[in-house]
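> Handing you a structure now.
The values are calculated or read from the model by the stated rules, or taken from the named source; none is laboratory data. None of the values given here were measured: they were computed from a predicted structure. Glycine gets a Cβ as well: all are built from the backbone with ideal geometry, and neighbour counts include every protein chain shown.
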Ligand code: I24
Ligand code: DGL
């Protein structure tokens, strides 16, 4: 079935999932919507995040996607259940795959989750982890400075390193062995995070895990595509800025980036 997979995010962060999709499922056509004009979702209310997410999903439903990936942790945390109940195509988020990988990696059953304010406040990771392992101990930490430092482009700097060290300090009293990067942007800070923990924690990023689920669903439903195509991107923000990040991150020289508006 050559209909596209829909991927949504609050902005460009979900391109981390698109990169893995293209690597592992190169024949799958992708339509992506990034809500750059209203990014970041992390500090927003659950009501706003739900409304914005439904706007993106409705557009993709009209475009005829065969399944949907909510590539944004904050949107997954707040809206996944609602979206699954409203649409008839398969819908997955990024939280369950990351939680599953963490449970597999952890020997102590104690896991730290790093995310935005919205993700941490929703307790969605706590629920996902406890569903997999009822006795799991979860330490969640909101890292509100991480998205801005990545989006400033200065995520390799000493300043970023300082922010990471300062933010992660409160975790030191607890004895977890696995850390979930529960936000699209945090893999870009992975080296700082790893070094902060002296390389002694398992670090889980959900993009690869999510693609494993996409692959399984496509097979189960027998809706795999056979013809390779370039992805199409929609942004609510600047097409030019979006295009340059896509070109860089996905190594597509002239990506097809279009504008979309809601209301
Ligand atoms: N990374 C992200 N968001 C940005 C950025 C970045 N600017 C530089 N880099 N900007 O997210 C967000 C603001 N908008 C404005 C309107 O258009 C789009 C963006 C992380 C992206 C993860 C895939 C740094 C940077 C880059 C290229 C690739 C990766 C990256 F320039 F982190
Ligand atoms: N995409 C968001 C997430 O994964 C991070 C950026 C935002 O706050 O919108 O939680």
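> Could you identify the single residue in 57, 7, 49 that is part of a strand (DSSP E or B), within 16 Å of ligand 2 (Cβ to nearest atom), at negative phi and at pLDDT 95 or above?
Working: 57 fails: part of a strand (DSSP E or B); 49 fails: part of a strand (DSSP E or B).
From the options 57, 7, 49, the qualifying one is 7.
> Output the number of the condition that residue 211 fails; it satisfies all remaining conditions of (1) part of a helix (DSSP H, G or I); (2) within 16 Å of ligand 1 (Cβ to nearest atom); (3) out of contact with any helix residue (DSSP H, G or I) (no Cβ under 6 Å at 6 or more places or on another chain).
With (1) part of a helix (DSSP H, G or I); (2) within 16 Å of ligand 1 (Cβ to nearest atom); (3) out of contact with any helix residue (DSSP H, G or I) (no Cβ under 6 Å at 6 or more places or on another chain) applied to residue 211, the lone miss is (3).
> Name every residue in segment 239-260 that is touching a residue at least 24 places away in the same chain (Cβ under 8 Å) and either more than 16 Å from ligand 2 (Cβ to nearest atom) or under 19 Å from the mean Cα position of the chain (by Cα) (or both), in order of residue number. Walk me through how you get there before you give the answer.
Start the filter on segment 239-260 by keeping residues that are touching a residue at least 24 places away in the same chain (Cβ under 8 Å), which leaves 241-242, 245-246, 249-250, 255-260.
242, 245, 246, 249, 250, 255, 256, 257, 258, 259, 260 - these are the residues of segment 239-260 that are touching a residue at least 24 places away in the same chain (Cβ under 8 Å) and either more than 16 Å from ligand 2 (Cβ to nearest atom) or under 19 Å from the mean Cα position of the chain (by Cα) (or both).
> Search segment 81-98 for residues being within 14 Å of ligand 2 (Cβ to nearest atom) and touching a strand residue (DSSP E or B) at 6+ places or on another chain (Cβ under 6 Å), and hand back the single one that is farthest from residue 214 (Cα to Cα).
98
> Looking only at segment 161-188, which residues are surrounded by 12 or more Cβ atoms within 10 Å (Cβ to Cβ), under 26 Å from residue 78 (Cα atoms) and away from ligand 1 (no atom under 16 Å from the Cβ)?
Correct list: 167, 168, 171, 176, 178, 179, 180.
Okay, residues lined up against (1) more than 19 Å from residue 40 (Cα to Cα); (2) within 16 Å of ligand 2 (Cβ to nearest atom):
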position	(1), (2)
128	yes, yes
135	yes, no
140	yes, yes
155	no, yes
161	yes, no
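> Among residues belonging to segment 66-80 that are in a strand (DSSP E or B) and within 16 Å of ligand 2 (Cβ to nearest atom), point out the one that is surrounded by the fewest Cβ atoms within 10 Å (Cβ to Cβ). Don't jump to the end; show me each part of the working.
In the first step, residues of segment 66-80 are kept if they are in a strand (DSSP E or B); the result is 67-70.
Subsequent filtering for residues that are within 16 Å of ligand 2 (Cβ to nearest atom) retains 68-70.
Details: 68: 24, 69: 28, 70: 29.
Ranking the candidates gives 68 first.
> Which ones in segment 109-126 are surrounded by fewer than 21 Cβ atoms within 10 Å (Cβ to Cβ), away from ligand 2 (no atom under 16 Å from the Cβ) and touching a residue at least 60 places away in the same chain (Cβ under 8 Å)?
Keep residues of segment 109-126 that are surrounded by fewer than 21 Cβ atoms within 10 Å (Cβ to Cβ), which gives 109-110, 117, 121, 123, 126.
Checking which are away from ligand 2 (no atom under 16 Å from the Cβ) leaves us with 109-110.
Passing the criteria: only 110.
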